[in-house]
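Here is the structure we will look at.
Taken together, the values in this text are just the output of simple stated rules run on the coordinates, not laboratory data. Computed from a prediction, not measured in an experiment: that's the story for all the values here. Using ideal geometry, Cβ is built from the backbone for each residue, glycine included, and neighbour counts are taken over all protein chains shown.
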Amino acid sequence: MMTIPSRLSASLTVALVALAPFTALAQQQVQNPAAPPAVRLPVVPPATAPQMPQAPVVPGAAGTEQAAAGQPAGSIRVLPSLPPKVAEEADRLGRGYLARVQPKAPSVDLTLAEGYAARERFLATAMPSRPAQIGWKVMLTARTSQEMFGTREPIAGRIFAGQISETGADIARDIGARASIEVDLAVTVKDAGIMQATNPIEAAAHIASIAGYLDVPDLLLAAGEPLTAGTLAMINAGVRAGVIGKPVAMQTSPDFVAALSNLTVRTTDGHNGAIVESRTSAILGHPLNAVVWLVGHLKARGESLKPGDVIALGSLSRPLPLKEGQTVRAAYTGLPGNGSFDVQLSVR
């Protein structure tokens, strides 16, 4: 744990008291109910895409998700053993992801734990030549979204090389089956000491930088299909693409860390027309609480964060449609000394 100079102890006390309720929420590890409620996806015209290919089914075998995740691209992955029907559904949705077509929802009810167990099977089919993992996405970081999907905690997904572009990038309108844009916030891990963090102050000491982030998730399922927390876990939290802004060096002072929870985020359409305005407190009360939650989540699964990992911390906006010719820019203000940063993408 970092040592805070005594002249800042009063500020630290105030910051930690303010963040305590949210840190407690982030550390909760509550199992999802066996039969979570489903959210019906709105009817949206599907993106143009080829017919779903019949990708080869990867046989299930005794093993662990951690072993599968840690193997390099091109190697034979040992997948967790799954009930035959769950394995079949993971393969089917994986083929939909690969072809960018909209499959129907799984025909089996998945708990959150079952969804995570099926994730590696889904990824093996969705990304046959999967590159190295470079980070994590955390979603459902608002209490209202957790309630909507019948869970009491966020959901995590793996981010792979090639899925994150730099600010100003062009994103194809038909990049996914049901892709959208969500305003987010990202951090980059500085060192492995982050795995000992239990609150935002401790997490900040092991984070190299923060940056604006525009997530481009793909919820995949066909219009009107029920979407549950278990299915979200299986489809890797909808990770498809993202755009990251220029990094801002993390500071470990209590004032800087406290300010991160109250940044104003204004999203515009490229012509300075406001789309949405939000605050970073929408992410578990403080965005670094998402890091604390992820640390606990990974520890429970025998995994860990590595230096250089990018973590997308959670949505700060409603899903925005991908409109050809549109530019989306998010500006973040409120850092000490009137500091600000931004991120932008264009849809082609």
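Grab the other residues whose beta carbon is less than 15 angstrom from that of residue 330, score K and R as +1, D and E as -1, and report the net.
-2
Can you list residues from other chains, or at least 5 along the same chain, whose modelled amide H is less than 5 Å from the amide H of residue 225?
Counting only residues 5 or more places away or on other chains, the set is 41.
Where the centroid of each part is defined by its Cα atoms, how far is the range 235-287 from the range 137-201 in Å?
Here the answer is 11 Å between Cα centres.
List the residues whose amide H sits under 5 Å from the amide H of residue 279, counting only those 5 or more places along or on another chain, with H placed 1.01 Å from N in the peptide plane.
For residue 279, whose amide H was placed from the backbone, the distant partners under 5 Å are 265.
Name the lysines eligible as straight-distance cross-link partners of residue 104: C-alpha to C-alpha under 17 Å, and not fewer than 8 places from it in the same chain.
Cα-Cα hits under 17 Å: 85.
Enumerate the calculated ³J(HN,Hα) couplings along the range 257-262 in order (Karplus 6.51 cos²θ - 1.76 cosθ + 1.60, θ = phi - 60°), each rounded to whole Hz, writing x wherever the residue is Gly or Pro.
Once rounded to whole Hz, the list reads 5, 5, 5, 4, 7, 9.
Give me the lysines in straight-line cross-link reach of residue 299: C-alpha distance below 23 Å, same-chain residues under 8 apart excluded.
Partners found: 137, 190.
Work out from phi, with θ = phi - 60° and the Karplus expression 6.51 cos²θ - 1.76 cosθ + 1.60, the ³J(HN,Hα) of each residue of the range 312-327, listed in order in whole Hz, and give x for Gly and Pro.
Ordered by residue, 3J(HN,Hα) equals 7, 8, x, 6, 10, 8, 5, x, 9, x, 7, 10, 4, x, 7, 10 Hz.
What is the range 130-347's relative contact order, in percent, from Cα pairs under 8 angstrom and six or more apart in sequence?
The normalised contact order for the range 130-347 reaches 31 percent.
Residue by residue through the range 134-143, which ³J(HN,Hα) values in whole Hz follow from phi under the Karplus form 6.51 cos²θ - 1.76 cosθ + 1.60 (θ = phi - 60°), with glycine and proline marked x?
These are the phi-based 3J(HN,Hα) values: 10, x, 9, 10, 10, 10, 6, 9, 10, 4 Hz.
Scan around residue 141 for amide H atoms under 5 Å from its own, H built in the peptide plane at 1.01 Å from N, and keep only partners 5 or more places away or cross-chain.
Amide H neighbours of residue 141: 315.
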